[in-house]
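Reviewing the structure listed below.
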Amino acid sequence: MSPQISFTKYENEVLPDFRKKLNLAESTEDVINCFVQTIMELCNSIFEGKIDFDYEDITLRLDHEPHYKINKRLFNSDEFTSAWNASDLSRVIGRFAKSAMNRYKRLEKYSVKTDTKIRK
């Protein structure tokens, strides 16, 4: 069995800023942007410019587990595929996605309450 590579060090570097931005998010769109930008920052730190990450390469999925989707284009890269298969990268991204989804659902619920109050 090959050794498991851990990217929690990189996760811990971007986590405080992610939490701050997530708490300041005022809309569901802000949550999505925060998530995507954080994952791009995380991946750029991990791969150190060896892979070019675009905004469209990661998507927050609202209706499906896991709550994220990685563009197939990235899996065409041997570097990304080997890191994905031999590390905890999927779990790290999953934790970010779970936090983002919790905030998304809360904002969605809050927006419905606000709309109801305004219409009364």
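Things to note:
- Once the range 5-15 is narrowed to residues that are hydrophobic (A, V, I, L, M, F, W, C) and in a helix (DSSP H, G or I), the residue that is surrounded by the fewest Cβ atoms within 10 Å (Cβ to Cβ) is 15.
- Flag for residue 26 being over 13 Å from the mean Cα position of the chain (by Cα) and modelled with pLDDT under 95: yes
- Of all residues in the range 66-83 being in contact (Cβ under 8 Å) with a residue 12 or more places away in the chain and hydrophobic (A, V, I, L, M, F, W, C), the one that is farthest from residue 56 (Cα to Cα): 83
- Of the set (1) more than 26 Å from residue 4 (Cβ to Cβ); (2) of a type in the set (Val, Ile, Thr); (3) out of contact with any strand residue (DSSP E or B) (no Cβ under 6 Å at 6 or more places or on another chain), all apply to residue 32 but (3).
- Subset of the range 16-62 [part of a loop (DSSP other than H, G, I, E, B) and either touching a residue at least 60 places away in the same chain (Cβ under 8 Å) or not aromatic (Phe, Trp, Tyr) (or both)]: 25, 26, 27, 48, 49, 50, 51, 52, 54, 61, 62
The values are calculated or read from the model by the stated rules, or taken from the named source; none is laboratory data. This structure is a prediction, so every number in the text was calculated from the model and none was measured. Cβ sites come from the backbone with ideal geometry, for glycine too, and all protein chains shown count toward neighbours.
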